[in-house]
Amino acid sequence: MDIEPRHLRIVCAIADEGSITRAAAVLGISQPALTAQLRRIEDAAGAPLFARHLRGVEATALGQYLIDRGRAILAELDDLAGGLRQRAGGEYVRELRLGGVSGPIIVGLADRLAEAFPDRRVDIRAEYSPRLLLDLVATGRLDAAVVLDYPGHELATPAHVDSALVVTDAVCVAMGAGHALARLEELDLAELARESWVLPRSDGAGWPEYFLRSCSQAGFTPRVGHRVGETRLLHELLASGRGLVPCQATFPAPEGVVVRPLRGTPMLVRHRLLWHRDSPLAEHAGLFGALAEEAYGACAALRPRNRPGGGA
């Protein structure tokens, strides 16, 4: 059996939901049917794509490779289909293709670009992996992207991709509002050695490896109680007090969750812009950077307490 686009959508849905049962509901098929489909896809791939455990499933190294490549292929197919429809209907509008990781910049930047370039449609593509976004920019499939990297895990760019630093921010800690530590204004990383943590899968660019290294430098190995790749489940685990989550200072904490800064700022995250030198944005690099800084500032102003010394 050859792996087809529909198989890629199945694998990506399972990865997004972290559960075959939830993925089956999203895809509108029965759980046994999805399990059988996955088994055939894994047979075609030559090895398991997911490791099964009590809380759901987690991608294997081979599975993560297929997921990352599959998302890029599916996005290209969707872009192709959309472009064909636009051109066939005489509706073609030159677009700015902006990619980004989830964070405080991407949506606000897209809004500001739409205002600055009213003759262009701004299309957003969200991806978890900074390396995938870099590849999409480098190959011309995106005009620009907002990515994250970390000290010791800097993202190296090829000669035809330019970059600019938007801001360097502190890594904070999110927890349930009922957690005993929630009453404190700041936390010491070393004092969190006995806590349970909720971590995401690796983004392939240094996270959560940078977090694990920082904990080691603080004198402990974190106890990882849960690994999740789906935002809704992450919020539920946080609100129920199942563990702490390292997060950006601008993390939009849902109801029942609070964010606290770490004393001494032991971990940093860098927000960077990438753009292809042939991109329409290349000749407006200064404006592009200024709009990104403005988008970040607008988001950060909503959560001043999440920074060291931010106050109540």
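General remarks:
- Scanning the stretch 224-236 for residues that are surrounded by fewer than 18 Cβ atoms within 10 Å (Cβ to Cβ) and under 15 Å from residue 173 (Cα atoms) yields a single hit, 224.
Rundown of residues vs (1) surrounded by fewer than 16 Cβ atoms within 10 Å (Cβ to Cβ); (2) under 19 Å from residue 269 (Cα atoms), yes/no style:
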{"residue": "134", "(1), (2)": "no, yes"}
{"residue": "142", "(1), (2)": "no, no"}
{"residue": "152", "(1), (2)": "yes, yes"}
{"residue": "156", "(1), (2)": "yes, yes"}
{"residue": "168", "(1), (2)": "yes, yes"}
{"residue": "173", "(1), (2)": "no, yes"}
{"residue": "180", "(1), (2)": "yes, no"}
{"residue": "185", "(1), (2)": "yes, no"}
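- So residue 69, is it in a strand (DSSP E or B) and at pLDDT below 90: no
- Assessment of the stretch 22-32 against the conditions (within 15 Å of residue 69 (Cβ to Cβ) and more than 26 Å from the chain's Cα centre (by Cα)) yields no matching residue.
- For the stretch 203-227, the set of residues classified as in a loop (DSSP other than H, G, I, E, B) and within 27 Å of residue 71 (Cα to Cα) consists of 203, 204, 205, 206, 207, 208, listed by residue number.
- Residue 161 satisfies every condition listed in (1) buried (at least 16 other Cβ atoms within 10 Å of the Cβ); (2) outside the structural domain of residue 291 (by TED's automatic domain parsing) except (2).
- The set of residues in the stretch 113-152 that are hydroxyl-bearing (Ser, Thr, Tyr) and in contact (Cβ under 8 Å) with a residue 40 or more places away in the chain comprises 128, 129, 150.
- Residues (of a type in the set (A, V, I, L, M) and modelled with pLDDT of 80 or more) located in the stretch 229-255: 237, 238, 239, 244, 245, 249, 253
Residues are listed down the side, and each one gets a yes or a no for (1) of a type in the set (A, V, I, L, M, F, W, C); (2) part of a loop (DSSP other than H, G, I, E, B); (3) in the same structural domain as residue 228 (by TED's automatic domain parsing):
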residue	(1), (2), (3)
7	no, no, no
10	yes, no, no
13	yes, no, no
21	no, no, no
26	yes, no, no
29	yes, yes, no
32	no, no, no
36	yes, no, no
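The values are calculated or read from the model by the stated rules, or taken from the named source; none is laboratory data. Remember, predicted model here, so these are calculated numbers, not experimental data. Neighbour counts are summed over all protein chains in view; Cβ atoms, including those assigned to glycine, are modelled from backbone coordinates with ideal geometry.
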